[in-house]
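The values are calculated or read from the model by the stated rules, or taken from the named source; none is laboratory data. Predicted model only: the values in this text are computed from it and were never measured. With ideal geometry, Cβ positions are generated from the backbone for all residues, glycine too; neighbour counts draw on all protein chains shown. The protein model used for the area step is the full one, side chains on, heavy atoms only, and it has no ligands, DNA or RNA in it. Shrake-Rupley method; radii C 1.70, N 1.55, O 1.52, S 1.80 Å.
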Amino acid sequence: MTRLFYDLRVRAILYQVLAVAFVASMAWYLAANVSQKLAEQNIVTGFGFLGREAGFVISPSFIDYKPTDSFARALLTGILNTIFVSALAVVFATILGVIVGVARLSGNPLLRALAFVYVEALRNVPLLLYLFLWYGLIVNLLPPVRDAIALMPHVFISNSGVTIPAMNWTPAHTKVLLALIIGAVLAVAVRRRMIAQRVSTGASRRMWPWVLLALLGPALVAVLVFQPEITIEYPEKGRFRLAGGAHLKPEFTALLMGLTLSASAGIAETVRSGILSVSRGQWDATKSLGLDRGMALRLVVLPQALRVIIPPLTSAYLSLFKNSSLATAIGYPDLVLVTNTTMNQTGQAVEGIAIMMLVYLSISITISLFMNWYNARVALKER
């Protein structure tokens, strides 16, 4: 028995079991203590309130929601609102951050100076102030709806937000989208299988027709079976209002702009540092091969810089999703605002805060797992 105890692997497992047991016991003690104290004050506990009627409006909402729906559906609407605006901000901030990061290393002094000012101005001011700034500019400086500005055909901007063309989405479109996602998974599996066969047999076969068939095949079958109608609704400017299209409210627009611009400044510095981490010899090698600077950056330098860029990029994405909770300051109905309204109506603050913590924890863990997986894929392999 003593000999088993001194085995390092056994001791490591034992310590982990003891640590988990300690944390679980502390969590049980705190939960029981909180439940007892709330019961002594005649405060209802539990998650039974989720089935009751919410009774308040959420606008905008990216799923069908009515005030007569339950608190559970209201919270789901808030979660989807948070995920939707944060995911859009991640895409736009990444694109903008890469462009600005490359511009920071440009040989053009004016472009380099403008990129420097952009980064420093956005990185050194709290995000909350920028949210107030964008929201105030949209509401107070832009013209009313009847005098909306046409940025381009069928795209209008006013103090009520941005109005853009929109496609009428139906359940058939959702099924086609799911089929396309399944096709993407199949395409990745087919590509890996064919690469493995090429390595094992040495026989070279054209890969792209099979990958393309796996990618588009399920979607084409879904289109033939469900036959979704593609109808686009264009906004039209009337005498007093804009009719048709999708209306992006000032709260959503200001939040998207604030999250995108603030995160893009940090991402730009991450990209710049990643590019600088690649040795000068790589640039010289691309010149000797006759590659111009753009091709050298895209084909040689950036792929090597990813091993430096990905870890801090993960932190930037996590911060962006968590900073979306500031949306409540400008009235965007995200998870925090919906949960606060729920807590005010039900009085069950502990459960509401627990739901918010669980949602943000789940989102953060999902992002971390995906980025760690991608980091392992692009990392340089030593042989």
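Summary of computed values
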item: Carbon plus sulfur fraction of accessible area for the chain, probe 1.4 Å, in percent; result: 67
item: Area of Val23 that stays accessible when all protein chains are in place (1.4 Å probe, Å², to 10); result: 90
item: Cα-based Kirkwood hydrodynamic radius, the range 273-383, one decimal, Å; result: 17.3
item: The chain: C-alpha gyration tensor shape, a/c 1.5 cut-off, then a/b vs b/c; result: rounded
item: Cα gyration tensor, the range 238-292 - rounded (a/c under 1.5), prolate or oblate; result: oblate
item: Calculated FRET value between Val117 and Leu137, using beta carbons and R₀ = 25 Å, to 0.05; result: 0.85
item: At R0 = 22 Å, FRET efficiency that the Cβ-Cβ distance of Ser315 and Met357 yields, to 0.05; result: 0.70
item: Contour minus Cα-Cα distance for Leu151 and Phe84 (0.36 nm per residue); result: 21.7 nm
item: Contact order normalised by residue count of the chain, Cα under 8 Å, 6+ apart, percent; result: 22
item: Accessible heavy-atom area order of Arg239, Arg293, highest first, probe of 1.4 Å; result: Arg239, Arg293
item: Top of Val301, Val90, Val185 by mean-square fluctuation, Gaussian network on the chain, Cα under 10 Å; result: Val185
item: Choice from Ala354, Ala113, Ala19 with maximal GNM fluctuation in the chain (Cα, 10 Å cutoff); result: Ala19
item: Cα lying deepest toward the dipole's positive end in the chain, options Ala327, Ile99, Pro235, charges on Cβ; result: Ile99
item: Partners for Lys66 among aspartates and glutamates (Cα-Cα distance below 18 Å; same-chain residues under 8 apart left out); result: Glu53, Asp334
item: At most 14 other Cβ within 10 Å, DSSP loop - chymotrypsin sites (Phe, Trp or Tyr not before Pro), the range 195-250; result: Phe240
item: Listed residues Phe22, Val190, Ser200: farthest to the positive end of the dipole of the chain (Cβ charges); result: Ser200
item: Accessible heavy-atom area order of Asp334, Asp284, highest first, probe of 1.4 Å; result: Asp284, Asp334
item: About the Cα centre, charge dipole magnitude for the chain (Lys/Arg +1, Asp/Glu -1 at Cβ), debye; result: 1600
item: Gyration tensor (alpha-carbon) shape descriptor, the range 156-279, a/c threshold 1.5; result: oblate
